[in-house]
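Student: Handing you this structure, nothing more for now.
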Amino acid sequence: MNDDILGMYDSFKSSLLELKNKEDLETLRVSMLGRKGAITEKLKNLSSIEDIEEKKVLGKEINDFKKFVEENIVLARTNLTELDFLSSVEKSYIDITLSGRRPSIAAINILTKVEEEIISIFRSLGFGVAEGFELEDDYHNFEALNMPYYHPARDNHDTFFVSSDRLIRTHTSGMQIRLMKDINPPIAAISPGKVGRRDAIDAKHSAVFHQIEGFLVDKDVSFNHLKGLLELFCKRIFGNSTKIRLRPDFFPFVEPGVDLSATCVVCKGEGCKTCGYEGWLEILGGGMIHPNVFEHVGYDTNKYTGFAFGMGVERIAMLKYGITDIRMFYENDIDFLKQW
Ligand SMILES: [Zn+2]
């Protein structure tokens, strides 16, 4: 390489190291690439060289150096811009004497707390817990629960179908079928989880909500066992003075079926706005498992009887804590959740 150009590389590199600000950089740029800059002069002088081969070699060396200078000037400008920014932040924004902000700590959703409370009540009574699948098939959600395709009760379950056979479960009862097919009596289990229905969303309805369904099968299980269990459950969840009332109701997978009401948590049965001045609040449904269900799972109906029940977690949480709008559960408003 030409000694001159070699010297220019060295001096350019040391100038780069001495740059303090953008003005220095601009001076350096002009001294190299400006109209009277060192590189411009070198290129001009090329024309005076007569030997074509020499001219070609030197021309390439000058142009390589020019490219090197241009690239390094761009790089240096970026670095200086960053330094400028950092020093301006340091000067103007960071006040290390300010006290820090305490991060907001999340709260467990009240719905989760109520669900866990319900689960722990049934666990303490010997019930197992099986969560099941949110995507269910027609057989487990409907058919095996005594709701064949022509059954009108299917209309009450406004269903989200994913395909002709797959659906978002409308209740967690499908798990009863799966468990009974796998395990012989005695068996007692609850199945908590998310379910979906094509409901318009308002203060009382949500398209996705939470249910807990349970069942027990053994020899000589009677309706009294169901009544005793549910009464105990209501006393544990709503308080010891709670009374229950059972009225006939229809669910395809039980016979007889009942609707359970408990004394109003607000007025304790006196009558108030919450209970429509009746003193009672509907809590859950249940009944004795229908023989058709037992036939689907292969249980001997002469040998075994059983009961099943189901409840909405949102409903119980709303009644227990006086929450009037179901949508509050899903909004994750920290102020709302921290109340409990
Ligand atoms: Zn009331």
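The values are calculated or read from the model by the stated rules, or taken from the named source; none is laboratory data. This is a predicted model, so every value here is computed, not measured. Every residue, glycine among them, receives a Cβ derived from its backbone with ideal geometry; neighbour counts consider all protein chains shown.
Student: Could you grab the pairs with beta carbons closer than 7 Å, sequence gap of 6+ or different chains, first residue in region 4-25 and small (Gly, Ala, Ser), second one surrounded by 11 or more Cβ atoms within 10 Å (Cβ to Cβ)?
Tutor: Once the first residue is small (Gly, Ala, Ser) and sits in region 4-25, its partners that are surrounded by 11 or more Cβ atoms within 10 Å (Cβ to Cβ) give 15/28.
Student: Next question, about the same structure. What are the residues in region 275-293 that are within 37 Å of the chain's Cα centre (by Cα) and free of Cβ contacts under 8 Å to residues at least 40 places away in the same chain, if any?
Tutor: 275, 276, 280, 281, 282, 285
Student: Look through region 288-311, keep the residues that are within 17 Å of residue 142 (Cβ to Cβ) and either of a type in the set (Gly, Ala, Ser) or not assigned by TED's automatic domain parsing to the domain that holds residue 248 (or both), and return whichever of them is nearest to the ligand (Cβ to nearest atom).
Tutor: 310
Student: Could you tell me how many of the residues in region 194-228 are aliphatic (A, V, I, L, M) and surrounded by fewer than 19 Cβ atoms within 10 Å (Cβ to Cβ)?
Tutor: Total meeting the criteria: 5.
Student: Of the conditions (1) more than 14 Å from the ligand (Cβ to nearest atom); (2) under 35 Å from the mean Cα position of the chain (by Cα), residue 318 clears all except one; give me its number.
Tutor: (1)
Student: Out of curiosity, is residue 123 basic (Lys, Arg) and outside any loop (DSSP other than H, G, I, E, B)?
Tutor: yes
Student: Can I ask one more? Could you look through region 273-287, keep only residues that are outside any loop (DSSP other than H, G, I, E, B) and of a type outside the set (D, E, K, R), and pick out the one that is farthest from the ligand (Cβ to nearest atom)?
Tutor: Looking at residues that are outside any loop (DSSP other than H, G, I, E, B) and of a type outside the set (D, E, K, R), I get 287.
Student: Would you pick out the residues in region 136-164 that are aromatic (Phe, Trp, Tyr) and either in a loop (DSSP other than H, G, I, E, B) or outside the structural domain of residue 229 (by TED's automatic domain parsing) (or both)?
Tutor: 142, 149, 150, 160 - these are the residues of region 136-164 that are aromatic (Phe, Trp, Tyr) and either in a loop (DSSP other than H, G, I, E, B) or outside the structural domain of residue 229 (by TED's automatic domain parsing) (or both).
Student: In contact with a strand residue (DSSP E or B) (Cβ under 7 Å, 6 or more places away or on another chain) and within 15 Å of residue 308 (Cα to Cα): is that true of residue 122 in this structure?
Tutor: Numbers: in contact with a strand residue (DSSP E or B) (Cβ under 7 Å, 6 or more places away or on another chain): yes; within 15 Å of residue 308 (Cα to Cα): yes.
Considered against the rule, which asks whether it is in contact with a strand residue (DSSP E or B) (Cβ under 7 Å, 6 or more places away or on another chain) and within 15 Å of residue 308 (Cα to Cα), residue 122 comes out as yes.
Student: Do you know which residues across region 104-118 are out of contact with any strand residue (DSSP E or B) (no Cβ under 6 Å at 6 or more places or on another chain), of a type in the set (Val, Ile, Thr) and assigned to a helix (DSSP H, G or I)?
Tutor: Correct list: 110, 112, 114.
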